[in-house]
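Enquirer: One structure is given below, represented as structure tokens, and several questions about it will come after.
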Amino acid sequence: MPAADANFEYLEHANQLKDWMEAGCKPAEDWRIGTEHEKFGFRTADHTPLSYDGPDGIRAMLEGLMRFGWQGKYEGDVLVGLSRSAEAGGGSVTLEPGGQLELSGAQLANIHQTCAEVNKHLAEVRTVAGELGQSYLGIGYTPSWGLKDAPQMPKGRYRLMTDYMPTRGTRGLEMMYLTATVQVNLDFGSPADMIEKLKIALALQPLATALFANSPFKNARPTGNLSERSLVWLDTDPDRTGMLPMAFEPDFGFERYVDYALDTPMYFVQRDGGFVNALGMSFRDFMAGNLPALPGEKPTPADWEDHLTTLFPEARVKRFIEMRGADAGSWQSLCALPAFWVGLLYDADTQRQVADMITDWTQAERDALRYGAPVSGLATPFRGASLRELAGQVLKLAQRGLAARNFSDGSGGDETQFLHTLQETVAQGQTPADVLLAKYHGEWGEDVGPIFDTLAF
């Protein structure tokens, strides 16, 4: 366990949970950037999804990546992921439920390093994929295959979630098996800084959804929406999703977030390399030694951390803040997302300006953006204008924040270069989804097949 956990082996009181989260506070010079991105594997020849087993399956990809210094992670004797030592670059490769391959990157100091990490990972994947007849697709929702086609990865937590999701909403299985995202994890300096960063993250998450909208298809047809992935989350599990209105209330802090997490039913507990079914049970009962699945046992900090990973609001808090609103996309977007958020939140003056910008937004306005952005993207109305105009203002602030950081690539370029793809999106008023739809209705002759070549890494 981390050093911050050394004061307690077992968790019995809510203040211990708060202390665990608050231990994530760091001085600004120690803030880092962690990027996670998912992608769909498919057979290059026929665009069908990859199974876990078989000579061209996901396991073969994981085994192939081991030549680059990755070490296997197992559940029993089943290979379910990879990790790499800090000396070798750090990070991990994991499997999402439908075989989406995810890189959880190392904690890095600047976007130049983040983008280099992305490019290195994709190069490794391409090397192995080429040998296996595979390719990987950067998109938010599978364009042509559905639940009946999607493979299931042999991970214990996913088997539990598959049973539970249909009891809480109608689209939870789609979320698990048919969607992919890119996320960035950022640090905070104090409880007050966490609160301000989370408010900004929640308020502007719909803007990120619009800028990165890249999932306009389902079952090989346009859905009428620009981010089908984002819409899926509106009907997945109301206990653990949403815009967290409490973050904007005067008494919000780590204590309120702990209460929110404690009121969210559990999924599982990890024990002895496996997963104990705790679906619908209470972490409060767990702390009292009254968890039906493990009578008499009390949780460890690792159990609490696991539980926090089962909460899915648009931005969530652990020992850092995780931005969750963007569709998976092109390799440029994988560098653009951390640049967007780092520019807004890692320069104090810029963060203050952004906080002032959103301070009078109402919950009704934030909710309207959350529901509107996945449908209409940058055209979504907001205060007599649209998200396109807001995006222009916010990107100027992000550029200012990145310029103030003054991290050079060694050739005279700073981190602002990674915003160019977003600036082009706003200048044209066309999200990635809009571009795909134009091609679908034009040169592709209403065929989604070309997407696989166009968006393959």
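Bear in mind these aren't lab numbers, they're just calculated from the coordinates by the rules spelled out. Because the structure is a prediction, the values reported are computed rather than measured. Glycine also receives a Cβ, built like all others from the backbone with ideal geometry; neighbour counts cover every protein chain displayed.
Enquirer: Which residue pairs have Cβ atoms under 7 Å apart, sit 6 or more places apart or on different chains, and have a first residue in the stretch 108-119 that is under 11 Å from residue 408 (Cα atoms) and without any contact (Cβ under 8 Å) to a residue 12 or more places away in the chain and a second that is crowded, with 22+ Cβ neighbours inside 10 Å and not hydrophobic (A, V, I, L, M, F, W, C)?
Expert: If the second residue must be crowded, with 22+ Cβ neighbours inside 10 Å and not hydrophobic (A, V, I, L, M, F, W, C), no pairs are left.
Enquirer: Return a yes/no flag: does the stretch 236-250 have any residue that is surrounded by 18 or more Cβ atoms within 10 Å (Cβ to Cβ) and free of Cβ contacts under 8 Å to residues at least 60 places away in the same chain.
Expert: yes
Enquirer: Let me ask something else about it. Can you work out which of the residues in the stretch 23-43 that are among the acidic types (Asp, Glu) and crowded, with 18+ Cβ neighbours inside 10 Å is farthest from the chain's Cα centre (by Cα)?
Expert: 38
Enquirer: What do you reckon, is residue 72 on the phi > 0 side of the Ramachandran plot and small (Gly, Ala, Ser)?
Expert: Here the answer is no, as residue 72 does not meet what is asked.
Enquirer: In the set 360, 347, which member is surrounded by 15 or more Cβ atoms within 10 Å (Cβ to Cβ), free of Cβ contacts under 8 Å to residues at least 60 places away in the same chain and of a type in the set (D, E, K, R)?
Expert: Answer to the selection: 347.
Matching residues to (1) out of contact with any helix residue (DSSP H, G or I) (no Cβ under 9 Å at 6 or more places or on another chain); (2) within 30 Å of residue 45 (Cα to Cα); (3) part of a helix (DSSP H, G or I):
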position	(1), (2), (3)
413	no, no, no
420	no, no, yes
426	no, no, yes
430	no, no, no
438	yes, yes, yes
443	no, yes, no
446	no, yes, no
453	yes, yes, yes
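Enquirer: Residues that are crowded, with 16+ Cβ neighbours inside 10 Å and hydroxyl-bearing (Ser, Thr, Tyr), at least 2 per element: which helices (runs of 4 or more DSSP H) completely within the stretch 57-166 meet that? Before the answer, list the steps.
Expert: Details: elements: 58-65, 111-132, 156-164.
Here the list reads 156-164.
Enquirer: Within the stretch 236-254, take every residue that is in contact with a strand residue (DSSP E or B) (Cβ under 9 Å, 6 or more places away or on another chain) and part of a helix (DSSP H, G or I) and give me the one that is nearest to residue 19 (Cα to Cα).
Expert: 254
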